[in-house]
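Below: the structure, in structure tokens.
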Ligand code: AMP
Ligand code: MG
């Protein structure tokens with residue numbers, strides 16, 4: 001049985017706008033004081049907005065699960081502001097960890113390593129491993145530094161919803177449940193960090209993200225496989241839940257681009273004929289390819305990073321349009337396309353492969 005911690009609503013959420021490059025130290029100090037006092041503060045990172053609490057305070061960490069409605073068997077990532085803090089959170093530092101840290105930190109790579117007893121079990125959902133990352137966003141770094149504690153932070157969305165890439169997304173899900181949100185503008189990468197388990201040999205990617213398999217392979221000198229489909233048996237606790245999903249049912253159409261366009265057009269026509277309101281999640285040339293349908297355009301063809309940057313905002317936008325069905329175009333698994341497809345597959349109620357039977 002999945003246990004969820006429930007909490008009453010009723011916290012007044014303070015909103016602070018900050019310059020993403022040079023956040024006001026006075027505001028950062030106040031936000032850090034909230035963290036040190038056991039409060040919850042949402043803040044921008046380069047990937048998505050995080051919901052932070054003092055990682056060494058089990059009571060504060062429990063409030064993260066409550067505010068998000070997050071199952072307590074889904075562990076959190078611990079965020080640090082300096083590479084040297086990693087040693088205090090883990091029991092063992094394999095040589096690969098040091099190489100990856102110097103290549104990718106600060107940045108969108110989370111390392112899973114043996115947990116030090118200093119990390120409360122509630123952070124890791126009772127696992128003997130802990131996930132740690134050093135974000136590169138100046139606001140995240142300033143907040144963690146000022147708090148002077150490692151900061152446990154999952155994405156700042158209600159559990160199961162698309163991750164937030166703006167402060168407005170955070171407030172839509174968590175207003176009245178958290179102490180504060182720091183608004184530093186849109187999160188630039190747009191999808192979460194890559195989670196790499198270094199306790200396995202060879203290392204395993206538990207979640208594709210901002211650092212690609214190709215980039216990891218270049219540093220580690222070995223091929224690292226990405227999970228391409230959700231495995232039947234979850235390897236990471238977070239893998240078993242439906243994630244990132246808009247409220248409107250989403251069908252993902254995968255395959256070669258021409259086949260995807262053709263199949264999506266046909267599906268949209270069918271749905272329209274049945275009286276259903278459809279919105280198509282496509283690239284910026286979508287309105288030309290789907291002249292008869294409503295299109296939410298997200299990212300350019302051949303530029304998966306631009307799709308990643310707009311993905312979660314586009315999913316939330318689709319919900320606001322009041323459609324009965326979202327048809328989402330798949331993209332190739334190159335570069336950040338892998339992370340985008342991983343999220344779309346998890347969000348999808350139905351996955352259709354175009355070009356196989358037509
Ligand atoms: P989020 O809560 O959206 O930031 O996602 C955190 C991700 O990291 C989830 O997929 C978790 O399952 C994964 N994760 C965090 N800690 C661990 C850990 N100790 N072992 C394996 N996966 C972890
Ligand atoms: Mg999340």
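The values are calculated or read from the model by the stated rules, or taken from the named source; none is laboratory data. Here the structure is a predicted model, which is why all the values come from computation and not from measurement. Glycine gets a Cβ as well: all are built from the backbone with ideal geometry, and neighbour counts include every protein chain shown.
Residue 139 satisfies every condition listed in (1) within 16 Å of ligand 2 (Cβ to nearest atom); (2) buried (at least 24 other Cβ atoms within 10 Å of the Cβ) except (1). If residue 202 satisfies all but one of (1) assigned to a loop (DSSP other than H, G, I, E, B); (2) in contact (Cβ under 8 Å) with a residue 40 or more places away in the chain; (3) more than 17 Å from residue 39 (Cβ to Cβ), what's the number of the condition it fails? Residue 202 satisfies all of (1) assigned to a loop (DSSP other than H, G, I, E, B); (2) in contact (Cβ under 8 Å) with a residue 40 or more places away in the chain; (3) more than 17 Å from residue 39 (Cβ to Cβ) except (2). For first residues located in the stretch 143-169 and within 16 Å of residue 309 (Cα to Cα) and part of a loop (DSSP other than H, G, I, E, B), partners that are at pLDDT below 95 and near ligand 2 (Cβ under 9 Å from one of its atoms) and lie 6+ apart or on another chain with Cβ distances below 9 Å form the pairs 162/243; 162/244; 163/243; 163/244. Against the test of being modelled with pLDDT of 95 or more, within 16 Å of ligand 2 (Cβ to nearest atom), within 30 Å of residue 344 (Cα to Cα) and surrounded by fewer than 21 Cβ atoms within 10 Å (Cβ to Cβ), the options 110, 166 yield a single qualifying residue, 166. Count of the stretch 14-53 residues, restricted to those that are touching a residue at least 60 places away in the same chain (Cβ under 8 Å), part of a loop (DSSP other than H, G, I, E, B) and out of contact with any helix residue (DSSP H, G or I) (no Cβ under 9 Å at 6 or more places or on another chain), is 1. Screening the stretch 115-131 for residues that are in a strand (DSSP E or B) and away from ligand 2 (no atom under 16 Å from the Cβ) and picking the one that is surrounded by the fewest Cβ atoms within 10 Å (Cβ to Cβ) gives 129.
Taken together, the residues in the stretch 170-197 that are within 16 Å of ligand 1 (Cβ to nearest atom) and in a strand (DSSP E or B) amount to 4. Looking across the stretch 179-207 at every residue that is modelled with pLDDT under 95 and under 20 Å from residue 161 (Cα atoms), the one that is surrounded by the fewest Cβ atoms within 10 Å (Cβ to Cβ) is identified as 206.
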